[in-house]
Amino acid sequence: MSEAESLVATIKAAMKAAMKAREKARLSTIRLIQAEFKRVEVDERIEIDDPRALAIMDKMVKQRRDSVTQFQNAGRDELAAIELAEIAVIQEFLPQQLSEAEIVVIIDEALAGIDATGMAAMGSLMGVIKPKLQGRADMGAVSKIVKAKLTA
């Protein structure tokens, strides 16, 4: 098995294990992940590799976090709980999340390598750090840290 297939293969194996264990909620979420992979493969006519799979799952987690916020604001805690359970399953397949201190170190290293200051550097800085942090940090939180550093 090649490195590019590892994440997709891991998810496929997890689906088989969830089927055998009769874990309906976990199986449902894993099927959602696979359906999203298949949708991207068909729409973009590409084979999913690990970086693309991470980006897709990162987007899925972000969508679910947004849904949780909306459900909680509407007083629908039971729906928020379902979304949180889906987030937990998706995050099992993502790399371990970085701490805020580790994120700041990566931002500082990237900032030292960029020859711009102020908010004008935001786009180029995010372009440098996004590949390093994809799937390992909430990019919304990273963006806030970057803005704080650039305006300080």
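The values are calculated or read from the model by the stated rules, or taken from the named source; none is laboratory data. Just so it is clear, the model here is predicted, and its values are computed rather than measured. Note: ideal-geometry Cβ built from the backbone for every residue, glycine included; neighbour counts use all protein chains shown. SASA here: full protein model, heavy atoms, side chains in, ligands and nucleic acids out. Shrake-Rupley method; radii C 1.70, N 1.55, O 1.52, S 1.80 Å.
Matching residues to (1) among the small types (Gly, Ala, Ser); (2) under 22 Å from Ala35 (Cα atoms); (3) at pLDDT 90 or above:
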residue	(1), (2), (3)
Leu54	no, yes, no
Val61	no, yes, yes
Asp66	no, yes, yes
Thr69	no, no, yes
Ile114	no, no, no
Met119	no, no, no
Lys132	no, no, no
Inset, instruction - Using the structure shown, decide if Ala121 is in a helix (DSSP H, G or I), without any contact (Cβ under 8 Å) to a residue 60 or more places away in the chain, exposed (fewer than 13 other Cβ atoms within 10 Å of the Cβ) and not aromatic (Phe, Trp, Tyr). - result: no
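Conditions tested, residue by residue: (1) of a type outside the set (A, V, I, L, M, F, W, C); (2) in contact with an Asp or Glu (Cβ under 8 Å, 6 or more places away or on another chain).
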residue	(1), (2)
Ser6	yes, yes
Lys12	yes, no
Ala21	no, no
Ile30	no, no
Phe37	no, no
Glu47	yes, yes
Gly75	yes, no
Glu78	yes, no
Inset, instruction - Can you tell me which residue within the stretch 129-147, out of those that are in a helix (DSSP H, G or I) and open to solvent by 60 Å² or more (accessible area, probe 1.4 Å), is nearest to Arg65 (Cα to Cα)? - result: Lys144
Inset, instruction - Within the stretch 109-118, count every residue that is of a type in the set (D, E, K, R) and either touching an Asp or Glu at 6+ places or on another chain (Cβ under 9 Å) or surrounded by 11 or more Cβ atoms within 10 Å (Cβ to Cβ) (or both). - result: 1
Legend entry - Cross-chain or 6+ apart pairs with Cβ under 9 Å, the stretch 69-98 first and basic (Lys, Arg), then in a helix (DSSP H, G or I) and surrounded by fewer than 17 Cβ atoms within 10 Å (Cβ to Cβ): Arg76/Gln70
Inset, instruction - Any chance you could count how many residues in the stretch 81-90 are within 18 Å of Lys12 (Cα to Cα) and buried (at least 16 other Cβ atoms within 10 Å of the Cβ)? - result: 4
Inset, instruction - Starting from residues that are surrounded by fewer than 13 Cβ atoms within 10 Å (Cβ to Cβ) and not acidic (Asp, Glu), keep the ones in the stretch 71-80 and report whichever is nearest to Ile129 (Cα to Cα). - result: Asn73
Legend entry - Unmet requirement for Leu98, which otherwise passes all of (1) within 15 Å of the chain's Cα centre (by Cα); (2) open to solvent by 60 Å² or more (accessible area, probe 1.4 Å); (3) farther than 19 Å from Met15 by Cα: (2)
Inset, instruction - Could you grab the pairs with beta carbons closer than 7 Å, sequence gap of 6+ or different chains, first residue in the stretch 19-40 and in contact (Cβ under 8 Å) with a residue 24 or more places away in the chain and open to solvent by less than 80 Å² (accessible area, probe 1.4 Å), second one of a type in the set (D, E, K, R) and part of a helix (DSSP H, G or I)? - result: Thr29/Glu86
Inset, instruction - Looking at (1) touching a residue at least 24 places away in the same chain (Cβ under 8 Å); (2) surrounded by 15 or more Cβ atoms within 10 Å (Cβ to Cβ), find the lone condition where Lys62 falls short. - result: (2)
Inset, instruction - Just one of (1) in contact with a helix residue (DSSP H, G or I) (Cβ under 7 Å, 6 or more places away or on another chain); (2) assigned to a helix (DSSP H, G or I); (3) under 23 Å from Asp138 (Cβ atoms); (4) β-branched (Val, Ile, Thr) trips up Val8, so point out which. - result: (3)
